[in-house]
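*Asks:* Quick one: this structure, given as structure tokens, is what I'll be asking you about.
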């Protein structure tokens, strides 16, 4: 089958990283993608970027009266 999932490769990748069989079988697709090196890591939020986001999306005070 040309579109078959390579389960053996998944198991080998997990074992190569010291995972137990039950850990490999409990992995989510996202965890498997990280294990397989798919996608890139997000860059950490810098102080300048955080400040820009705070200016763009300021916290709002919603005063609620219980009176």
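*Asks:* Between a first residue in the stretch 2-17 that is closer than 12 Å to residue 36 by Cα and a second residue that is surrounded by 10 or more Cβ atoms within 10 Å (Cβ to Cβ) and modelled with pLDDT under 85, which pairs have beta carbons less than 6 Å apart while being 6 or more apart in sequence or on different chains?
*Replies:* Pairs that qualify, where the first residue is closer than 12 Å to residue 36 by Cα and the partner is surrounded by 10 or more Cβ atoms within 10 Å (Cβ to Cβ) and modelled with pLDDT under 85, are 13/35.
*Asks:* Within the stretch 4-20, count every residue that is at pLDDT below 85, surrounded by 14 or more Cβ atoms within 10 Å (Cβ to Cβ) and not in a helix (DSSP H, G or I).
*Replies:* Number satisfying all stated conditions: 0.
*Asks:* Next question. Where residues in the stretch 26-67 are part of a helix (DSSP H, G or I) and touching a helix residue (DSSP H, G or I) at 6+ places or on another chain (Cβ under 9 Å), which of them is modelled with the lowest pLDDT?
*Replies:* Here the answer is 36.
*Asks:* So, residue 23, is that one over 13 Å from the mean Cα position of the chain (by Cα), at pLDDT 85 or above, under 22 Å from residue 5 (Cα atoms) and in a helix (DSSP H, G or I) or not?
*Replies:* yes
The values are calculated or read from the model by the stated rules, or taken from the named source; none is laboratory data. Keep in mind the model is a prediction, meaning the values are calculated, not measured. Ideal geometry is used to build each Cβ from the backbone, glycine not excepted, and the neighbour counts take in all protein chains shown.
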